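Engineer: This is the structure, below, for whatever I ask next.
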Amino acid sequence: MDGTWDLVRESLVPLLQGTVTGTIPLTAVSFVLGLLLALVVALMRLSGIAPLAAAARCYVSLIRGTPLLLQLFIIFYGLPSLGVTIDPFPSAVIAFSLNVGGYAAEVVRAAILAVPKGQTEAALTIGMDYATTMRRIVLPQAARVAVPPLSNTLISLVKDTSLASAVLVTELTRKANELAAPTYEFFTLYVVTAAYYWVVCLGLSAVQSRLEVRLNRYVAR
């Protein structure tokens, strides 16, 4: 028992390093890029241009209809057979960004549709172009609607980054495997690793709650 506790104490800092240098950066970069992609895809779906809307629907269908792990494998292990080799971290970022974009696009599209059409029509009537109307009128209101589901997507992404260990990215789960391998104390270190993920997700949930409160201040009652 003493040996187990010693292992836990010795592993706390390396696991924290795996979280700070691997899991959190991978989550942050992938989510930002995925969110930008989601906005583009959502606007394509809402456009009146049939080929753009069809391409967006096809993308969303492919992403939502295939496993994330398989998407990772295609990018990291499959592309080299076509002469395209990508390092582990960028491969994971690409896969996670594409995955987030596919799921978040529907969230963004629904949030935009939740904004009353009358506000868009009023903005166009007073001379605003489409881009300005979206930026100043529609998207700020859509953001309030989209925050809860997008926050859930972010929290899911934190946990999904554990799959990056399968493509040799040194993040929290891979670090736990490396620490447990010499002693075979997998159960103990996996429990500690789960606690790290839980703490990160609790922090994100707290930020989500505060953001929702701030956005709701500007809603007419």
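Readers should treat all values here as calculations from the given coordinates under stated rules, not as data from a laboratory. As the structure is a computational prediction, the values presented were derived from the model and not from experiment. Note: ideal-geometry Cβ built from the backbone for every residue, glycine included; neighbour counts use all protein chains shown.
Engineer: Show me the ranking of peptides 115-123, 92-100 by mean Cβ neighbours inside 10 Å, starting with the highest.
Structural biologist: Highest to lowest by the protection proxy: 92-100, 115-123.
Engineer: Now, a different point. Fewest to most neighbouring Cβ within 10 Å: what's the order for MET134, MET128? Don't skip to the end; give the middle numbers.
Structural biologist: Working: MET134 20, MET128 16.
Lowest to highest Cβ neighbour count: MET128, MET134.
Engineer: Within 10 Å of each residue's Cβ, count the other Cβ atoms and sort ASP6, ASP160 from fewest upward. Could the numbers behind the result be given before it?
Structural biologist: Details: ASP6 10, ASP160 21.
The most exposed by this proxy come first: ASP6, ASP160.
Engineer: Further question: Evaluate the relative contact order of segment 143-210 (contact order divided by residue number), counting alpha-carbon pairs under 8 angstrom at least 6 apart; express in whole percent.
Structural biologist: Relative contact order here is 36 percent.
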